[in-house]
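The structure under discussion appears below in the form of structure tokens.
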There are 4 protein chains.
Amino acid sequence: MDLTPPRWQRRKDARPAEIIEAALALFVEKGFAAARLDDVAKRAGVTKGTLYLYFENKEELFKAVVRETVLPNLEFAELLVADHRGSCADLLWALLEGWAQRLQQSPSTSISKLMIAEASNFPELGRFYLEEVVLRSRRLFAEVIQRGIDAGEFRAVDVAMATRSVTAPLMMIKVWKQSFECCDSSEVDLPEFARFHYEMLIRGLRAD
Amino acid sequence: MDLTPPRWQRRKDARPAEIIEAALALFVEKGFAAARLDDVAKRAGVTKGTLYLYFENKEELFKAVVRETVLPNLEFAELLVADHRGSCADLLWALLEGWAQRLQQSPSTSISKLMIAEASNFPELGRFYLEEVVLRSRRLFAEVIQRGIDAGEFRAVDVAMATRSVTAPLMMIKVWKQSFECCDSSEVDLPEFARFHYEMLIRGLRAD
Amino acid sequence: MDLTPPRWQRRKDARPAEIIEAALALFVEKGFAAARLDDVAKRAGVTKGTLYLYFENKEELFKAVVRETVLPNLEFAELLVADHRGSCADLLWALLEGWAQRLQQSPSTSISKLMIAEASNFPELGRFYLEEVVLRSRRLFAEVIQRGIDAGEFRAVDVAMATRSVTAPLMMIKVWKQSFECCDSSEVDLPEFARFHYEMLIRGLRAD
Amino acid sequence: MDLTPPRWQRRKDARPAEIIEAALALFVEKGFAAARLDDVAKRAGVTKGTLYLYFENKEELFKAVVRETVLPNLEFAELLVADHRGSCADLLWALLEGWAQRLQQSPSTSISKLMIAEASNFPELGRFYLEEVVLRSRRLFAEVIQRGIDAGEFRAVDVAMATRSVTAPLMMIKVWKQSFECCDSSEVDLPEFARFHYEMLIRGLRAD
DNA sequence: TATGAATGAGGCTTCATTCAT
DNA sequence: CATGAATGAAGCCTCATTCAT
């Protein structure tokens, strides 16, 4: 009976996802340039050469990480907006609450910090992320605000500005948390802050 | 009698600052790892070797950039808070307006993006920046909010949370602007947003 | 009753030859080091792993290519010389004409270029090729020349030298053709040149 | 008194030539792909990094080797042809003798073997070499032959063919010498062969 | 003080080879 | 037999750092 484990296993289907997950972690932690493919490979449980079976080079791996990680997140929220019946305030809360939870739980949201750091080094990818994530999220919230205004539920504020007021705080807090988690124990809890933020927003937005 | 010092001497005194300025620009644009000292030197108008006359190595140069760039920005605001007579709303506005202007004009504020990216690679520096900039700013705003609450001008909100609500949006917008300036022409104007943000905040904070 | 063996079995027997043919083409085109086994496999219609069922490693494959490709070519010519009755000039022409045709048609003759490039990296193989092809060909032509001298048909030239005069031009033109076929459309036709070459030779060799 | 030798010296002017010489030797010996830049550097007395101060990459180094090494050789011969007074036979001999000497002495002539091996991997360089060396040499000899025909000194042969008859043998012998020097001690002496070759040619060419 | 040629460690990438399937 | 996923050594190349000038 041979008990020595095989030197490796064939796991063609599982590999790309495992590699992308490992790469996400290291890119987020170190940045693109400082992340070493050796470490990515080690974390994914393969060797460096294996990476090149699935990705052409470091840059393509990076792009894959962004693309694979980013996309699926917004669809649920978009459906929520499309289907909502009821007050815009409630809808806003539903969106914020859901987003805060995803920010807290899903590792994919850490890509924001990464893109902030690397967008200028990868303009094409920056455009992709901006369009597919940033602008798409904004459009979502903008629609809710506009709907609230049209319904007389909100004041006639500048929608573009209001959209930033809604989205920027949660985003920023997530980014701070990640960046300074090594040294800052004082950061606020995201879902809790979402509630606080929501109440501030409603007072700022509601019609007098 | 010519009393102006010879040109090279003036430059000699100016060198460290010039190098730091160049390094700031490149670190912000590329990140620490991807910024090449050759390019820093070129931008500073010197050669690579010269950098090592003033800074021990790349990491020390990075630390110097952060330390030199970060410090002087908050003192004025702290004085403003200490000396203010009048409503807390006015004080809040004065702070936000001044900050928005500095974010727009002073290159030193671009360090935020850099620290977001590099804090986990340089924990010591992360702590320094967190303490000297992030927490110090928060304390400033926290004090104003607390003062407003004590004076009955503001509602009795959670001060820690409210502080984030005040600071995060401007910060985030500055960071987005920088990161996506290559591809996004739609970003809002900072001082204008500061005004909008202030009005939202006041509605959220003021006592009923 | 179908007596033709199933297709895969025929292929199994044919495999080594197919691989060698593919390898010859790629080694000649790229050189030993720059030829990739992946491409050899692809051209042979198998996968990389299969190569190792038939050849121990790249170097052994290379040796097999040289050995298998080189051998059968001279026998016919040797018989021709052994059996010839008639003038040595006629024999010389028969040899040159036959050689020119083989150079033009048989892929195996492209090995010359390969050996020129790789002999110093594979001295053992160089010796093999030198002995089995170069020297053996020379002996053939040397014998004809010597026979012509002995018969009073040719001048009493230095046989070693004359042998080079006979063999080098065709060889060189074949090699040039191959090496510069990508960029040179001006190269002469081999059989035509063989005729020209023969007439030059005869004038150079014949007794006054 | 410090007797330890300096770790390195600044020799900006001498470096490129030294590197090219070292690279020539290694490329000729191993071929382009099999030659290691580490070895080139070692032979040139520098380190790998230094190569990149003078040449962009391995391919550019290769091109530089070909360009720098090959070109100066033909100019002398071209002058000889332009200035010659006397019989074309004498001129032909002068050219062949000079060429044989260069082939024997100048390391630059070993480029031919290299180009034969690599032309198909570097088509652009192949074209360059073909045009600047091969065709240019041929033009030289073609002119002499044509002149001899026009003067009634030579038969009215096909000039293109005759040119190959003149040039190919010396070239081929040089190439064989290099490729099989490790294993063949029987190769003829180049200047001696040039004389032999000349006498064969003259008999082949001269008018009856 | 300033230069920039030279270094050498370390990363990315390729590819001959192995081996689980 | 055949496959092709996985390996790992080795090569190219970059760039922070050093040091002769």
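Scanning region C:149-208 for residues that are surrounded by 18 or more Cβ atoms within 10 Å (Cβ to Cβ), among the charged types (D, E, K, R) and facing chain D (nearest Cβ under 8 Å) gives a single hit, C:Arg164. Here C:Ser185 fulfils each of the conditions (1) modelled with pLDDT under 95; (2) touching a Pro at 6+ places or on another chain (Cβ under 6 Å) apart from (2). The sole residue among B:Glu21, B:Glu78, B:Glu68 that is in the same structural domain as B:Leu96 (by the TED database) and in contact (Cβ under 8 Å) with a residue 60 or more places away in the chain is B:Glu78.
Residue pairs, Cβ under 7 Å, 6 or more apart or interchain, first in region C:173-185 and more than 11 Å from D:Ala168 (Cβ to Cβ), second basic (Lys, Arg). List them. Close Cβ pairs satisfying both conditions: C:Gln178/C:Lys113; C:Ser179/C:Lys113; C:Cys183/D:Arg127. Does D:Phe32 meet the test of being near DNA strand F (Cβ under 10 Å from one of its atoms), surrounded by 15 or more Cβ atoms within 10 Å (Cβ to Cβ), within 14 Å of chain C (Cβ to nearest Cβ) and of a type in the set (Phe, Trp, Tyr)? Judged against the criteria, D:Phe32 is a match.
All conditions in (1) modelled with pLDDT under 95; (2) surrounded by 21 or more Cβ atoms within 10 Å (Cβ to Cβ) hold for D:Glu68, with the sole exception of (2). Restricting attention to region B:116-134, the residues that are surrounded by 17 or more Cβ atoms within 10 Å (Cβ to Cβ) and without any contact (Cβ under 8 Å) to a residue 60 or more places away in the chain total 6. For region C:46-66, a residue qualifies if it is more than 19 Å from C:Trp99 (Cα to Cα) and more than 16 Å from DNA strand F (Cβ to nearest atom), and the qualifying residues are C:Glu60, C:Phe62, C:Lys63, C:Val65. Within region B:46-65, which residues are in contact (Cβ under 8 Å) with a residue 24 or more places away in the chain and among the small types (Gly, Ala, Ser)? Matches in region B:46-65: B:Ala64 only.
Mind checking whether some residue in region A:62-73 is in contact with a helix residue (DSSP H, G or I) (Cβ under 7 Å, 6 or more places away or on another chain), among the aromatic types (Phe, Trp, Tyr) and within 13 Å of DNA strand E (Cβ to nearest atom)? Yes. One residue stands out in region B:124-140 among those that are within 13 Å of another protein chain (Cβ to nearest Cβ) and hydrophobic (A, V, I, L, M, F, W, C): the one that is farthest from B:Thr69 (Cα to Cα), namely B:Leu135. Comparison of C:Phe141, C:Phe193, C:Phe122, C:Phe180 shows that the only residue that is more than 16 Å from the chain's Cα centre (by Cα) and modelled with pLDDT of 95 or more is C:Phe193. Kindly establish whether A:Ala94 is more than 14 Å from chain B (Cβ to nearest Cβ), modelled with pLDDT of 90 or more and within 16 Å of DNA strand F (Cβ to nearest atom). Judged against the criteria, A:Ala94 is not a match. Only a single item in (1) part of a loop (DSSP other than H, G, I, E, B); (2) touching a strand residue (DSSP E or B) at 6+ places or on another chain (Cβ under 9 Å) is not met by A:Arg85, and it is number (2). The set of residues in region C:1-39 being part of a loop (DSSP other than H, G, I, E, B) and modelled with pLDDT of 90 or more consists of C:Gly31, C:Phe32, C:Ala33, C:Ala34, C:Ala35, C:Arg36. Here A:Glu68 meets each of (1) within 19 Å of the chain's Cα centre (by Cα); (2) on the phi > 0 side of the Ramachandran plot with one exception, condition (2). Of all residues in region A:24-61, those that are within 13 Å of DNA strand E (Cβ to nearest atom), under 18 Å from the mean Cα position of the chain (by Cα) and within 17 Å of B:Asn121 (Cβ to Cβ) total 5.
The values are calculated or read from the model by the stated rules, or taken from the named source; none is laboratory data. All values derive from a computational prediction rather than experimental measurement. With ideal geometry, Cβ positions are generated from the backbone for all residues, glycine too; neighbour counts draw on all protein chains shown.
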